[in-house]
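None of the figures in this text is laboratory data; all of them are computed from the coordinates on show. Just so it is clear, the structure is predicted and the values come from calculations on it, not from any experiment. Cβ sites come from the backbone with ideal geometry, for glycine too, and all protein chains shown count toward neighbours.
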Amino acid sequence: MDEFFKNIPNIKYEGSKSDNPLSFKYYNPDEVIGGKTMKEQLKFAMSYWHTMCANGVDMFGVGTADKSYGTTDPMEQAERKAYAAFELMNKLGIEYYCFHDRDIAPEADTLRETNARLDKIQVLLDKLMKENNKKLLWGTANCFGNPRYMHGAGTAPNADVFAFAAAQIKKALEITTALGGDGYVFWGGREGYETLLNTNMKLEQDNMARLMRMAVDYGRSIGFKGAFYIEPKPKEPTKHQYDFDSATVLAFLRKYGLDKDFKLNIEANHATLAAHTFQHELRVARDNDAFGSIDANQGDVLLGWDTDQFPTNAYDTALCMYEVIKAGGFTTGGLNFDAKVRRGSFTQEDTFLAYIAGMDTFALGLKIADKMIADGRIDKFVDDRYASYKEGIGKKIVDGTATIQELEAYALEMGDVKSNISGKQEYLESVMNSIMFG
Ligand code: XLS
Ligand code: NI
Ligand code: NI
């Protein structure tokens, strides 16, 4: 197959002094940080939908980038797209990728035909993965784009839609399994509601859990050994999405007994939409042993929707990688760039520059997080802040041996609290600055 990104060389690490835009300034794949190479720590993945498919179309205008791959024939296009995807991953040194079923092969007139298209592309992807030494981080089903899903998929009021979604997920699981996928994601863009006036919320959520149970059981029965993830998002496209944020998803999983089967795929921009920090969402997942994978991007607080921009804020990536390291690093998951260039960045070169910016920003984040941990001031401060729980009455509280009567007696004896210490937020923020900028 002809080279598609003709003017783009293989991107190499050249260091922060380099003025070559098509080079990594901080991402040095073989450099060891915290006992592992950057490549192992960061596990970058390319998102098929944004990178290979999205052409910049928005509510006010048509696409600005050419993603036609020189043909209008849908299957020829799908094939060329696959070759281009592997060329891009090779040029950037990215080892993993992620897709929705409909990204790799477009929907045909019938489900049978659509599935046959997927079978064909699966063979090609399998070959390209082996030839290029690439892995599938996760697969998923697009159960939100087609008009049939206007009222949801697993949460649709119409059982026929539920059945169609189940069939689609079954096939997506088969493809993911056949390609040795490390994960399978549920992100329910339309699994929510517009108004409770027309919604049986209980039945919809019960049904979603039923669909997830079927998917897990079927996946395991065909030998899928990867992780199942739910990707929280509070809204957009629906006004209210059931998988609102990490805490809501955990409650859902526990209610339906699915908590042993699922981990979370946390997306930075979705955290912003839920009015949380990215670090908060990661912390909730980590504290509940539910950290799985990351959709790496960033939003714009002034815009208020899922802009899926490439991550370029090193402060955020540092706090993200701090959580990832504390969670024990990526096991099944990785950093999937669920990110797209801005509509005005329409050239092929822009796509590479955006990936370079994202990968460099996460490399910086990893380096800073590693320094934060080695520096130890922040961890020590937090540890000391809770020192009162290590002895005396605090230890009894933590051990579960203190009674409420005993605490009353203790408080009466104490008179009033005299031992509060400062939270030192500003100091800690300046520590972060000194770690980041030396
Ligand atoms: C959309 C989601 C989507 C998922 C995969 O907001 O982030 O891209 O990651 O379906
Ligand atoms: Ni995402
Ligand atoms: Ni998103």
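Go through the residues of the range 201-218 one by one and say whether even a single one is among the aliphatic types (A, V, I, L, M), surrounded by fewer than 20 Cβ atoms within 10 Å (Cβ to Cβ) and in contact with an Asp or Glu (Cβ under 6 Å, 6 or more places away or on another chain).
yes
With the requirement that a residue be surrounded by 19 or more Cβ atoms within 10 Å (Cβ to Cβ), out of contact with any Leu (no Cβ under 6 Å at 6 or more places or on another chain), outside any helix (DSSP H, G or I) and not aromatic (Phe, Trp, Tyr), what does the range 86-134 give you?
Residues satisfying the conditions are 94, 95, 100, 134.
The rows are residues; the columns are (1) assigned to a helix (DSSP H, G or I); (2) within 16 Å of ligand 2 (Cβ to nearest atom); (3) under 26 Å from residue 7 (Cβ atoms).
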site: 301; (1), (2), (3): no, no, no
site: 331; (1), (2), (3): no, no, no
site: 339; (1), (2), (3): no, yes, yes
site: 351; (1), (2), (3): yes, no, yes
site: 360; (1), (2), (3): yes, no, yes
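Quick test for you: out of 282, 302, pick the one residue that is over 22 Å from residue 228 (Cα atoms) and either in contact with a strand residue (DSSP E or B) (Cβ under 7 Å, 6 or more places away or on another chain) or without any contact (Cβ under 8 Å) to a residue 12 or more places away in the chain (or both). Full working, then the answer.
Numbers: 282 fails: over 22 Å from residue 228 (Cα atoms).
That would be 302, the only listed residue that is over 22 Å from residue 228 (Cα atoms) and either in contact with a strand residue (DSSP E or B) (Cβ under 7 Å, 6 or more places away or on another chain) or without any contact (Cβ under 8 Å) to a residue 12 or more places away in the chain (or both).
Suppose we filter 277, 312, 317 for residues that are surrounded by 21 or more Cβ atoms within 10 Å (Cβ to Cβ) and either in contact (Cβ under 8 Å) with a residue 24 or more places away in the chain or of a type in the set (D, E, K, R) (or both); which single one remains?
Details: 277 fails: surrounded by 21 or more Cβ atoms within 10 Å (Cβ to Cβ); 312 fails: surrounded by 21 or more Cβ atoms within 10 Å (Cβ to Cβ).
Going through 277, 312, 317 in turn, the sole match is 317.
I need the full set of residues from the range 156-192 which are within 24 Å of residue 202 (Cβ to Cβ) and within 16 Å of ligand 3 (Cβ to nearest atom), in order please. Let's see the steps before the verdict.
Residues of the range 156-192 within 24 Å of residue 202 (Cβ to Cβ): 156-166, 169, 186-192.
Passing the criteria: 186, 187, 188, 189, 190, 191, 192.
Filter the range 23-64 for residues that are under 30 Å from residue 105 (Cα atoms), hydrophobic (A, V, I, L, M, F, W, C) and free of Cβ contacts under 8 Å to residues at least 40 places away in the same chain and give the result.
Once the filter is applied, which keeps residues that are under 30 Å from residue 105 (Cα atoms), hydrophobic (A, V, I, L, M, F, W, C) and free of Cβ contacts under 8 Å to residues at least 40 places away in the same chain, the range 23-64 yields 57, 59, 60, 62.
Please find, among 244, 228, the residue that is within 16 Å of ligand 2 (Cβ to nearest atom) and in a strand (DSSP E or B). Break it down into steps so the answer makes sense when it comes.
Numbers: 244 fails: in a strand (DSSP E or B).
Within the list 244, 228, the selection yields 228.
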